[in-house]
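Worksheet: the structure to be examined is printed underneath.
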Amino acid sequence: MPAQEQENQELAEIIIEYHQKYGGILGKRRMCMFINRNYHKNYNIKRIHRIINQLDIHSEIRKRR
């Protein structure tokens, strides 16, 4: 397996972890911000968005009170 593909697989596991941890409220921008900050990486939003689409993960839109 190529290194890029393996890294995408690891990133997909991280995305699933964050999606469950925060109850599905994180969108691509906040997900990218949290991952880059906590893992000291510099992933592009487009890359994270592509993986989110492949995993069929959608953020939950919260209603204002």
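The numbers here are math on the coordinates, done by the rules we state, and not lab data. Please read these numbers as outputs of a predicted model, since none were measured by experiment. Here the Cβ positions follow ideal geometry from the backbone for every residue, glycine too, while neighbour counts run over all protein chains shown.
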## Note on the structure
In the stretch 19-34, anything in a helix (DSSP H, G or I) and surrounded by fewer than 17 Cβ atoms within 10 Å (Cβ to Cβ) is listed as Q20, K21, R29, R30, M33, F34
### Task
Please determine, by comparing only the residues of the stretch 35-65 that are farther than 22 Å from E5 by Cβ and touching a residue at least 24 places away in the same chain (Cβ under 8 Å), which one is surrounded by the fewest Cβ atoms within 10 Å (Cβ to Cβ).
R62
